[in-house]
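**Student:** The structure follows.
The values are calculated or read from the model by the stated rules, or taken from the named source; none is laboratory data. Computed from a predicted model, the values in this text were never measured in an experiment. Every residue, glycine among them, receives a Cβ derived from its backbone with ideal geometry; neighbour counts consider all protein chains shown. Protein only, heavy atoms only, side chains kept; ligands, DNA and RNA dropped before computing areas. Shrake-Rupley method; radii C 1.70, N 1.55, O 1.52, S 1.80 Å.
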Amino acid sequence: TTKALKYTNQSLEISTRTNSRKYLVKGWRLQGEIALARKQWDEAEEWLRQALTVAEAVGNPTQLWKTHLAMGRLHTELKKPEIAQKAHRAAREVIDRVKVNLRDPELRAGMENSPLIRQVYDLSEPD
């Protein structure tokens, strides 16, 4: 994770200088996921909340659902299943909104068959 942290920090530095909010969101989400992997719960939550706030403002669907998914993983680790479920459902709602607007059947099928998308659907199902 040291190498990932180095690259994420470089990306955040460039994104900050260029005010690229999409990449700031991605960088903060990755910072949160690195902290999550290191079991640094408070730090992970701080990065992910920051990413989620800007992702919602920017409206980038990919960064938004991936950040919700990461939040769900955090709350699963924190043994907060209700909050985790809510985050997973939020990720699924974003994905569903994207799918509704996909006209190309191949793109839709590719999205539906993506292992990560399948994971979101599985995690968002009621227990």
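**Student:** If I ask for residues that are within 17 Å of N60 (Cα to Cα) and among the hydrophobic types (A, V, I, L, M, F, W, C), which ones from segment 85-115 would you list?
**Tutor:** Correct list: A87, A90, A91, V94, I95, V98, V100, L102, M111.
**Student:** Scan segment 23-42 for residues that are part of a helix (DSSP H, G or I), open to solvent by 30 Å² or more (accessible area, probe 1.4 Å) and touching a residue at least 12 places away in the same chain (Cβ under 8 Å) and jot them down.
**Tutor:** Answer for segment 23-42, where residues must be part of a helix (DSSP H, G or I), open to solvent by 30 Å² or more (accessible area, probe 1.4 Å) and touching a residue at least 12 places away in the same chain (Cβ under 8 Å): Y23, K26, W28, L30, E33, A37, W41.
**Student:** Identify all residues within segment 93-127 that are among the charged types (D, E, K, R), open to solvent by 60 Å² or more (accessible area, probe 1.4 Å), in a helix (DSSP H, G or I) and modelled with pLDDT of 90 or more; write none if there are none. Before you say what the answer is, go through the steps one by one.
**Tutor:** To start, the set of residues in segment 93-127 that are among the charged types (D, E, K, R) comprises 93, 96-97, 99, 103-104, 106, 108, 112, 118, 122, 125, 127.
Then drop every residue that is not open to solvent by 60 Å² or more (accessible area, probe 1.4 Å), which leaves 93, 97, 103-104, 106, 108, 112, 118, 122, 125, 127.
Within this subset, residues satisfying the condition of being in a helix (DSSP H, G or I) are 93, 97, 106, 108, 112, 118, 122.
Within segment 93-127, E93, R97, E106, R118, D122 qualify.
**Student:** Follow-up question, since we're still on this one. So which residues in segment 1-22 are within 17 Å of the chain's Cα centre (by Cα), open to solvent by 50 Å² or more (accessible area, probe 1.4 Å) and either modelled with pLDDT of 75 or more or among the aliphatic types (A, V, I, L, M) (or both), if there are any at all?
**Tutor:** Hit for segment 1-22 is K22, nothing else.
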